[in-house]
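Q: Take this structure, written in C-alpha coordinates, and hold onto it; I'll ask about it next.
The values are calculated or read from the model by the stated rules, or taken from the named source; none is laboratory data. Please read all numbers here as calculations on a predicted model, not as lab measurements. Glycine also receives a Cβ, built like all others from the backbone with ideal geometry; neighbour counts cover every protein chain displayed. The area values use the complete protein model at the heavy-atom level, side chains included, leaving out ligands, DNA and RNA. Shrake-Rupley method; radii C 1.70, N 1.55, O 1.52, S 1.80 Å.
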Amino acid sequence: MNKQEQDIRKKSPVQIRNKKASFEYYFVDTYTAGMVLTGTEIKSIRAGKASLVDAYCAIEKGEMWVKGMNISPYFYGSFTNHQAKGDRKLLLKKREINHLATESKDPGFTIVPTLIFIDEHGRAKMDIALARGKKEYDKRQTLKEKEDRREMDRAIKHY
(Lines give C-alpha, C1' and ligand atoms only; values in the text may rest on other atoms or scores of the structure.)
Protein backbone atom coordinates (compact mmCIF):
# COMPACT_ATOMS: atom_id res chain seq x y z
CA MET A 1 0.00 0.00 0.00
CA ASN A 2 1.53 3.29 -1.02
CA LYS A 3 1.36 6.69 0.69
CA GLN A 4 -1.47 8.00 -1.49
CA GLU A 5 -3.70 5.01 -0.71
CA GLN A 6 -3.05 5.43 3.02
CA ASP A 7 -4.01 9.13 2.82
CA ILE A 8 -7.32 8.24 1.15
CA ARG A 9 -8.17 5.85 3.97
CA LYS A 10 -7.24 8.39 6.65
CA LYS A 11 -9.28 11.19 5.03
CA SER A 12 -12.35 8.98 4.60
CA PRO A 13 -15.33 10.16 6.67
CA VAL A 14 -16.30 6.51 7.23
CA GLN A 15 -13.91 3.87 8.54
CA ILE A 16 -15.56 0.67 9.66
CA ARG A 17 -12.89 -1.69 10.98
CA ASN A 18 -12.81 -5.38 11.81
CA LYS A 19 -10.78 -5.18 15.02
CA LYS A 20 -11.27 -8.85 15.80
CA ALA A 21 -9.54 -9.89 12.55
CA SER A 22 -6.19 -8.31 13.47
CA PHE A 23 -6.31 -10.15 16.81
CA GLU A 24 -7.23 -13.53 15.29
CA TYR A 25 -5.07 -13.49 12.12
CA TYR A 26 -1.74 -12.52 10.60
CA PHE A 27 -2.32 -10.55 7.39
CA VAL A 28 -0.22 -12.01 4.59
CA ASP A 29 -1.49 -9.97 1.64
CA THR A 30 -4.06 -7.15 1.34
CA TYR A 31 -6.30 -6.03 -1.51
CA THR A 32 -8.78 -3.20 -2.03
CA ALA A 33 -12.08 -4.21 -3.61
CA GLY A 34 -15.10 -2.27 -4.78
CA MET A 35 -18.52 -3.27 -3.50
CA VAL A 36 -21.78 -3.81 -5.39
CA LEU A 37 -24.43 -2.08 -3.27
CA THR A 38 -27.99 -0.82 -3.57
CA GLY A 39 -29.00 2.77 -2.80
CA THR A 40 -30.10 2.21 0.78
CA GLU A 41 -26.99 0.11 1.52
CA ILE A 42 -24.57 2.88 0.52
CA LYS A 43 -26.57 5.43 2.52
CA SER A 44 -26.37 3.24 5.62
CA ILE A 45 -22.61 2.78 5.15
CA ARG A 46 -22.11 6.54 4.77
CA ALA A 47 -24.00 6.93 8.07
CA GLY A 48 -21.58 4.41 9.63
CA LYS A 49 -24.26 1.77 10.21
CA ALA A 50 -22.33 -1.33 9.15
CA SER A 51 -20.41 -4.05 10.95
CA LEU A 52 -17.72 -6.51 9.86
CA VAL A 53 -18.01 -8.74 12.93
CA ASP A 54 -18.32 -12.39 11.82
CA ALA A 55 -17.88 -11.40 8.16
CA TYR A 56 -15.76 -13.48 5.81
CA CYS A 57 -15.05 -13.66 2.08
CA ALA A 58 -15.71 -16.59 -0.23
CA ILE A 59 -15.04 -17.27 -3.90
CA GLU A 60 -17.95 -18.78 -5.82
CA LYS A 61 -17.91 -19.39 -9.57
CA GLY A 62 -14.95 -17.07 -10.08
CA GLU A 63 -16.51 -14.18 -8.14
CA MET A 64 -15.61 -12.81 -4.70
CA TRP A 65 -18.44 -12.44 -2.16
CA VAL A 66 -18.49 -11.07 1.37
CA LYS A 67 -20.80 -13.04 3.64
CA GLY A 68 -22.09 -12.27 7.10
CA MET A 69 -21.56 -8.51 6.84
CA ASN A 70 -24.28 -6.52 8.58
CA ILE A 71 -25.53 -3.27 7.02
CA SER A 72 -28.36 -1.86 9.12
CA PRO A 73 -31.55 -0.90 7.22
CA TYR A 74 -31.61 2.75 6.20
CA PHE A 75 -33.78 4.76 8.59
CA TYR A 76 -35.52 6.75 5.83
CA GLY A 77 -35.84 3.77 3.51
CA SER A 78 -39.32 2.54 2.66
CA PHE A 79 -40.37 -0.74 1.07
CA THR A 80 -37.21 -0.56 -1.05
CA ASN A 81 -34.98 -1.09 2.00
CA HIS A 82 -32.35 -3.86 1.86
CA GLN A 83 -31.83 -6.94 4.02
CA ALA A 84 -29.46 -6.34 6.92
CA LYS A 85 -27.42 -9.52 6.48
CA GLY A 86 -26.85 -10.60 2.94
CA ASP A 87 -24.15 -11.61 0.51
CA ARG A 88 -22.52 -8.69 -1.29
CA LYS A 89 -20.35 -8.98 -4.37
CA LEU A 90 -16.83 -7.60 -4.31
CA LEU A 91 -15.13 -6.25 -7.41
CA LEU A 92 -11.60 -7.51 -7.99
CA LYS A 93 -9.54 -8.29 -11.08
CA LYS A 94 -9.70 -11.88 -12.30
CA ARG A 95 -5.97 -12.28 -11.67
CA GLU A 96 -6.39 -11.20 -8.04
CA ILE A 97 -9.33 -13.56 -7.51
CA ASN A 98 -7.35 -16.47 -8.97
CA HIS A 99 -4.38 -15.66 -6.74
CA LEU A 100 -6.59 -15.51 -3.64
CA ALA A 101 -8.34 -18.74 -4.63
CA THR A 102 -5.09 -20.70 -4.90
CA GLU A 103 -3.57 -19.21 -1.74
CA SER A 104 -6.67 -19.68 0.43
CA LYS A 105 -6.82 -23.42 -0.39
CA ASP A 106 -3.73 -23.97 1.77
CA PRO A 107 -4.58 -25.13 5.30
CA GLY A 108 -4.78 -22.32 7.86
CA PHE A 109 -5.46 -19.56 5.33
CA THR A 110 -8.65 -17.59 4.85
CA ILE A 111 -9.84 -14.30 3.36
CA VAL A 112 -11.17 -11.73 5.83
CA PRO A 113 -12.55 -8.20 5.37
CA THR A 114 -10.59 -5.67 7.43
CA LEU A 115 -11.92 -2.18 6.61
CA ILE A 116 -14.75 -0.40 4.81
CA PHE A 117 -14.09 3.17 3.70
CA ILE A 118 -15.41 5.75 1.23
CA ASP A 119 -12.96 6.83 -1.49
CA GLU A 120 -12.55 10.35 -2.90
CA HIS A 121 -15.27 9.67 -5.53
CA GLY A 122 -17.84 8.66 -2.90
CA ARG A 123 -17.70 4.92 -3.60
CA ALA A 124 -17.58 2.30 -0.86
CA LYS A 125 -14.42 0.21 -0.88
CA MET A 126 -13.39 -2.73 1.24
CA ASP A 127 -9.92 -3.83 2.24
CA ILE A 128 -9.64 -7.60 2.36
CA ALA A 129 -6.69 -9.66 3.52
CA LEU A 130 -5.37 -13.11 2.87
CA ALA A 131 -4.84 -14.18 6.47
CA ARG A 132 -3.28 -17.01 8.43
CA GLY A 133 -4.76 -17.91 11.81
CA LYS A 134 -2.83 -17.14 14.98
CA LYS A 135 -2.16 -19.73 17.64
CA GLU A 136 -3.19 -19.15 21.25
CA TYR A 137 0.32 -18.12 22.34
CA ASP A 138 0.49 -15.61 19.46
CA LYS A 139 -2.68 -13.96 20.76
CA ARG A 140 -1.22 -13.71 24.24
CA GLN A 141 1.91 -12.11 22.78
CA THR A 142 -0.26 -9.57 20.92
CA LEU A 143 -2.07 -8.67 24.14
CA LYS A 144 1.25 -8.32 25.99
CA GLU A 145 2.65 -5.96 23.31
CA LYS A 146 -0.52 -3.88 23.42
CA GLU A 147 -0.32 -3.60 27.21
CA ASP A 148 3.37 -2.63 27.03
CA ARG A 149 2.58 0.16 24.54
CA ARG A 150 -0.14 1.48 26.89
CA GLU A 151 2.27 1.48 29.83
CA MET A 152 4.88 3.38 27.82
CA ASP A 153 2.30 5.96 26.73
CA ARG A 154 1.21 6.46 30.34
CA ALA A 155 4.82 6.90 31.47
CA ILE A 156 5.48 9.48 28.74
CA LYS A 157 2.35 11.49 29.65
CA HIS A 158 3.39 11.77 33.30
CA TYR A 159 6.63 13.59 32.41
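Q: I'd like the accessible area for Thr114: 1.4 Å probe, protein heavy atoms, all chains in place, Å² to the nearest 10.
A: 20 Å²
Q: What's the ranking of 53-61, 100-108 by average number of surrounding C-beta atoms within 10 Å, highest first?
A: Highest-to-lowest ranking by the protection proxy: 53-61, 100-108.
Q: Here's a follow-up. How much of the accessible area of the chain, in percent, comes from carbon and sulfur atoms when a 1.4 Å probe is used? Don't jump to the answer; show the numbers that get you there.
A: Numbers: 5400 of 10470 Å².
For the chain, the apolar C and S fraction of the accessible surface comes to 52 percent.
Q: Using the Karplus curve 6.51 cos²θ - 1.76 cosθ + 1.60 with θ = phi - 60°, work out ³J(HN,Hα) for each residue of segment 62-78 in order, rounded to whole Hz, and write x for Gly and Pro.
A: x, 10, 8, 10, 9, 10, x, 7, 9, 10, 4, x, 5, 4, 8, x, 9
Q: Below 8 Å between Cα atoms, with a sequence gap of 6+, how large is the relative contact order for the chain in percent?
A: 30 percent
Q: On to the next question. If you rank Glu63, Glu96 by how much accessible surface each has, with a 1.4 Å probe, what is the order from largest down?
A: Glu63, Glu96
Q: Taking the chain as a Gaussian network, where each spring joins two C-alpha atoms under 10 Å apart, which residue of Arg149, Arg140, Arg132 fluctuates the most?
A: Arg149
Q: Here's another thing I want to ask about it. Whole percent per 5 Å bin, from 0 to the bin with the longest distance: what is P(r) over all C-alpha pairs of segment 1-127?
A: All Cα pairs considered, the percentages come to 2, 10, 21, 23, 21, 14, 6, 2, 1.
Q: Considering amide H positions built from the backbone, and no H for Pro or chain starts, which residues 5 or more places from Tyr74, or on another chain, come under 5 Å of its amide H?
A: His82
Q: Order Asp153, Asp138, Asp29, most accessible first, counting only protein heavy atoms with a 1.4 angstrom probe. Numbers along the way, then the final one.
A: On the way: Asp153 85, Asp138 30, Asp29 55 Å².
The most accessible residue leads, giving Asp153, Asp29, Asp138.
Q: Suppose every Lys and Arg Cβ carries +1 and every Asp and Glu Cβ carries -1, with no other charges. What dipole size does the chain come out with about its Cα centre, to the nearest 20 debye?
A: Dipole size: approximately 300 debye.
Q: Calculated FRET efficiency, Lys135 and Glu96, Cβ-Cβ r, R0 30 Å, to nearest 0.05?
A: Working from the Cβ atoms, E equals 0.60.
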